[in-house]
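Chemist: Take a look at this one; I'll ask things after.
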Amino acid sequence: YSKNHFVRYFVKSVSLSTSANIGILYFGAKFFGKLQIGSIVGNIIIIPFVGLVFFCGYINCLLSYIWNDAAAVFANIIINSVLSVINYVAEFFSQGIFHLNILSPPDSFFIIYLIICAALYMLLDDN
């Protein structure tokens, strides 16, 4: 595991995105009959930006108590710009070319799915 903070943050972002997508994979297939390939790649790009928006929002909240006009400018320039990037990436990866239509899995597959998720959790658990 790297001591470089950027590499660790990137690995955590990719892990979070991948685990979230694995977590909803069955339900997307079951209820919508689709695998959304774009969400895997899109989330890997979006998650670091969401962290940045959260951090900037916290700073903006503190700044608004000190200097409200500066907080408004900060929100309009920095936060809205990052949110625009997030929105663009989300729209791009939600296009139909990133969806794979599949047959709905049977209800009995849910138990197998839970076993696969538990095995992946145990495999990736640091403890």
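The values are calculated or read from the model by the stated rules, or taken from the named source; none is laboratory data. Note that the structure is a prediction, hence the values are computed from the model and not measured. Every residue, glycine as well, gets a Cβ built from its backbone with ideal geometry; the counts of neighbours run over all protein chains shown. The protein model used for the area step is the full one, side chains on, heavy atoms only, and it has no ligands, DNA or RNA in it. Shrake-Rupley method; radii C 1.70, N 1.55, O 1.52, S 1.80 Å.
Let's see how each residue does on (1) within 25 Å of residue 92 (Cβ to Cβ); (2) part of a helix (DSSP H, G or I); (3) over 13 Å from the mean Cα position of the chain (by Cα):
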{"residue": "6", "(1), (2), (3)": "yes, yes, yes"}
{"residue": "16", "(1), (2), (3)": "yes, yes, no"}
{"residue": "23", "(1), (2), (3)": "yes, yes, no"}
{"residue": "28", "(1), (2), (3)": "yes, yes, yes"}
{"residue": "42", "(1), (2), (3)": "yes, yes, no"}
{"residue": "56", "(1), (2), (3)": "yes, yes, yes"}
{"residue": "62", "(1), (2), (3)": "no, yes, yes"}
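Chemist: Please list, ordered by first then second residue, the pairs with beta carbon atoms under 7 Å, 6 or more apart or interchain, first in region 64-84 and under 29 Å from residue 45 (Cα atoms), second open to solvent by 60 Å² or more (accessible area, probe 1.4 Å).
Modeler: 82/49; 82/52
Chemist: Against the conditions (1) surrounded by fewer than 14 Cβ atoms within 10 Å (Cβ to Cβ); (2) of a type in the set (A, V, I, L, M, F, W, C); (3) within 13 Å of the chain's Cα centre (by Cα); (4) farther than 21 Å from residue 123 by Cα, where does residue 103 fall short? Just the number, please.
Modeler: (3)
Chemist: Across region 11-24, what is the number of residues that are open to solvent by 70 Å² or more (accessible area, probe 1.4 Å) and in contact (Cβ under 8 Å) with a residue 24 or more places away in the chain?
Modeler: 1
Chemist: In region 55-70, which residues are open to solvent by 70 Å² or more (accessible area, probe 1.4 Å) and more than 15 Å from residue 81 (Cβ to Cβ)? It would help to see each step written out before you state the result.
Modeler: First, the residues of region 55-70 that are open to solvent by 70 Å² or more (accessible area, probe 1.4 Å): 55, 58, 62, 65-69.
Within region 55-70, 58, 62, 65, 66, 67, 68, 69 meet the criteria.
Chemist: Which condition from (1) in contact with a strand residue (DSSP E or B) (Cβ under 8 Å, 6 or more places away or on another chain); (2) surrounded by 15 or more Cβ atoms within 10 Å (Cβ to Cβ) is the one that residue 33 breaks?
Modeler: In the conditions (1) in contact with a strand residue (DSSP E or B) (Cβ under 8 Å, 6 or more places away or on another chain); (2) surrounded by 15 or more Cβ atoms within 10 Å (Cβ to Cβ), residue 33 misses (2) alone.
Chemist: Same structure again: Checking residue 111 against (1) surrounded by 10 or more Cβ atoms within 10 Å (Cβ to Cβ); (2) of a type in the set (A, V, I, L, M, F, W, C); (3) not in a strand (DSSP E or B): exactly one of these is not met. Which one?
Modeler: Only one criterion in (1) surrounded by 10 or more Cβ atoms within 10 Å (Cβ to Cβ); (2) of a type in the set (A, V, I, L, M, F, W, C); (3) not in a strand (DSSP E or B) is unmet by residue 111, namely (1).
Chemist: If a residue must be at pLDDT 85 or above and among the hydroxyl-bearing types (Ser, Thr, Tyr), how many such residues does region 27-60 contain?
Modeler: 1
Chemist: Please verify whether residue 73 is within 21 Å of the chain's Cα centre (by Cα) and either assigned to a helix (DSSP H, G or I) or not hydrophobic (A, V, I, L, M, F, W, C) (or both), treating the condition exactly as stated.
Modeler: Answer is no for this residue.
Chemist: Okay, moving on. Please enumerate the residues belonging to region 79-94 that are touching a helix residue (DSSP H, G or I) at 6+ places or on another chain (Cβ under 7 Å) and not aromatic (Phe, Trp, Tyr).
Modeler: 79, 82, 83, 85, 86, 89, 90, 94
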